[in-house]
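See structure below.
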Amino acid sequence: MAKKVALLQGNEACAQGALYAGCTFFGGYPITPSTEVAEVLSVELPKIGGKFIQMEDEIAAMASVIGASLTGAKAITATSGPGVSLKQELIGYACIAEVPCVIINVMRGGPSTGMPTGPGQSDVMQAMWGTHGDHAAIALVPDSCQEIFSETVRAFNLAEKYRMPVQVLYDEIVGHMRERIEFPEPGELEVFDREAPGVGPEDYKPYDSTKGQVPPLAAFGSEYKYHVTGLNKADDGFPTTKASLVDAEERRQIDKVLDNIADIESYEEYLTEDADVVIWAYGSTSRSARYAVNELRKEGIKAGLFRPITLWPFPEKRTAELAKQAKAIVVAEMNLGQMVLEVERVAKGNCVVVHEGRVDGDPLNPGQIMTKVKEVL
Amino acid sequence: MAYDYEKSIRPGKLPHIWCPGCGHGIVMKGLIRAMDTCELDRKNTAIVSGIGCASRLPGYLDACTLHTAHGRAAAFATGVKMAKPEMNVICCGGDGDGTAIGGNHFIHACRRNIDMTYVLMNNYIYGMTGGQFSPCTPTGDLASTTPYGNPDPIFDISKLAIGAGATFVARTTAAHPREIDKLIVKGIQHKGMAIIEVIDDCPTTYGRRNKFRSVIDMMKRLKAEAVPIKAAAKMTAEQLEGKFLTGVLFEDTEKPEYTAQYANVIKKAQGA
């Protein structure tokens, strides 16, 4: 049977991906250019008995998502840069309390109100370092409507599997672009459901590291009573200031991501095998970069594309290998130099690393990238 | 026979962090008695708080307890209640937490009339951080950040809640322990947003700075300033100067409750 297809906007594809993943709760606040995610879910969630709530502000939206997730619901919010800035404290809360949730950030220009209807890629460092305190982060950066669908599903899977907030970042161009989507059949994409506690209510500890790096999370309103706090806590969930317990918990929460990079990492390469110059680009910019690679090849320049799909944790290993192979890496992104700092860090001087960016609200076009490649070679 | 509070307290979690003379313990006992009266199944009860002395209360109680970020109790609680409307949801916290940093969530939870009971302990001060003035510190009073007397006007929390759309609003004080559980019981039984404001005392950071020589003096003040709403009806404006009303201040059983409204949305969406 032919697959169901549709012409969908990126934001609509995100909402459909959420539904495929089993999302039953959306808490949000209107903000351009993400609002269509909320609009679609306000229509679709009640049809399946799910809940949509438009909260009074961005912080409340994040709070409602965490609260809903604690009852066992797969929960999502969608926003843009200013909204993510406001949510940061509670993103940290979801990190330390280990509450699964998905945060969609449709990136626009900034800082502050910036250019609400223009594209940007300037929230990529914020996705890692926006909230205070040491923590791990997972951030995914799809570059097409189909991939927004599948990465939203994967974001839910990773959130539930690693018991943490997962951010999906795509720029306004991908968010508002319309493309043909093939809907995966049920079962075609993996859908990960939260692990059951595995012990009875009397023995349950919400942060019991003897149950593995990611202790199972029981649902409020089931048979399990437990305590959740944003304070540093011991394995039973209650606050502690005991140095050894605080240290162990903080490290476990970071290691659960860093020890599982193989599972979390995702990237695509295009013509990198013999590349002298690698264009390192994500989101809509990678589409310009792919075009640039084809044009440069026609001119006899051995260019290739490295496209991270998981941006955080940073694809260190493969970026370091490419730095040893290539003469140069051109990091193309719609900001004035963010991920280039990470690329420079792992390249360790093995090749030239340069940046090509713009923040004027226009997309980074292939010609601009090609000029930079020719300059550097 | 002494009331059995222990079955509601988590083993090993006492002593609590509150100072001698603080009224929060009185409120906690009132809340326990009220939950017992309403026979709330603790497995199906979420107790949600923000940050501050009063917000430490949920950690002591055996239930699904959620100690959130500063000011955010009502917003987290809204997520819990929306996702699982069959749960009993109780919020608790202080005046600074609930009406300053959390003021927006407070008024919008009232506006929605979502079914929860919010026990707000108003002790006129930010206690945990050492006695800075809150939106409820009386004008002219001393706090660590109002060394020349507080220039700010105050919030009347109960009026704020009524104005914002809560459908059950009651007030009492820590000096009226029996009224605390009676009002919380009514709040829990009420279908909609119930605000129980308990005027409380903070001898450590408010009392000492404002010439209350002892906890007894503070309790006497609470008793002297509290006027039951029925008694107030027979009093002149002059007699009511410097007093506040107690008891059930407002009740509306007509306004639809939010999760019930959303259940109608689901029916419509499903074509029923």
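Descriptive notes on the structure:
- Partner aspartates and glutamates for A:LYS317 [C-alpha distance under 15 Å; skip if fewer than 8 residues away on the same chain]: A:ASP259, A:ASP263, A:GLU265, A:GLU268, A:GLU269, A:GLU342, A:GLU344
- Proximal aspartates and glutamates to A:LYS74, defined as alpha-carbon separation beneath 16 angstrom and excluding residues fewer than eight positions away on the same chain: A:GLU44, A:GLU98, A:GLU151, A:GLU160, A:GLU190, A:ASP193, A:GLU195
- With respect to chain B, whose longest principal axis is taken over its alpha-carbon atoms, helix B:103-112 is tilted by about 40°.
- Per residue, the solvent-accessible area of the protein assembly as shown (1.4 Å probe, heavy atoms of protein chains only, all protein chains present) comes to 39 Å².
- Within chain B, longest stretch clear of exposed chymotrypsin sites (Phe, Trp or Tyr not before Pro) (DSSP loop, no more than 12 other Cβ within 10 Å): B:4-147
- Buried area at the A:B interface is about 3200 square angstrom, summed over both chains, from accessible surfaces computed with a 1.4 angstrom probe.
- Minimum 10 Å² accessible area buried by the other protein chains, the range B:104-152 residues, probe 1.4 Å, relative to alone: B:ASN104, B:HIS105, B:HIS108, B:ARG112
- Carbon/sulfur fraction of accessible area - the range B:46-205, other protein chains in place, 1.4 Å, %: 59
- Coarse-grained scattering of chain A at q = 0.07, 0.12, 0.14 Å⁻¹, given as base-10 log I(q)/I(0) from a Debye sum over alpha-carbon atoms: -0.31, -0.89, -1.17
- Straight-distance candidates among the lysines for linking to B:LYS211, with alpha-carbon spacing under 21 Å and chain neighbours fewer than 8 residues away dropped: B:LYS220, B:LYS223, B:LYS243.
- Pairs over the 24 Å Cα-Cα cut-off, from the set A:LYS298/A:LYS374; A:LYS161/A:LYS242; A:LYS51/B:LYS191: A:LYS161/A:LYS242.
- Distant alpha-carbon pairs in the range A:152-207 (separation over 17 angstrom), percent: 61
- Both the radius of gyration and Dmax for the range A:222-377 are 20.6, 67 Å, in that order, over alpha-carbon atoms.
- Normalised alpha carbon radius of gyration of the range A:1-135 [divisor 2.2 N^0.38 Å]: 1.05
- Surface composition of chain A: carbon plus sulfur atoms hold 52% of the accessible area, using a 1.4 angstrom probe and ignoring ligands, DNA and RNA.
- The local environment of B:ALA46, defined by Cβ-Cβ distances under 9 Å, has a net charge of +2 under the rule Lys, Arg +1 and Asp, Glu -1.
- For the residue pairs B:LYS29/B:LYS84; B:LYS13/B:LYS230; A:LYS47/B:LYS81, the alpha carbons lie more than 29 Å apart in B:LYS13/B:LYS230.
- Per-selection Kirkwood Rh - the range B:19-269 (Cα, Å, 1 d.p.): 18.1
The values are calculated or read from the model by the stated rules, or taken from the named source; none is laboratory data. What you see is a predicted model; the values in this text were computed from it and never measured. Positions of Cβ are backbone-derived with ideal geometry, glycine not excepted, and every protein chain shown enters the neighbour counts. Ligands, DNA and RNA are excluded from the accessible area calculation, which covers all protein heavy atoms including side chains. Shrake-Rupley method; radii C 1.70, N 1.55, O 1.52, S 1.80 Å.
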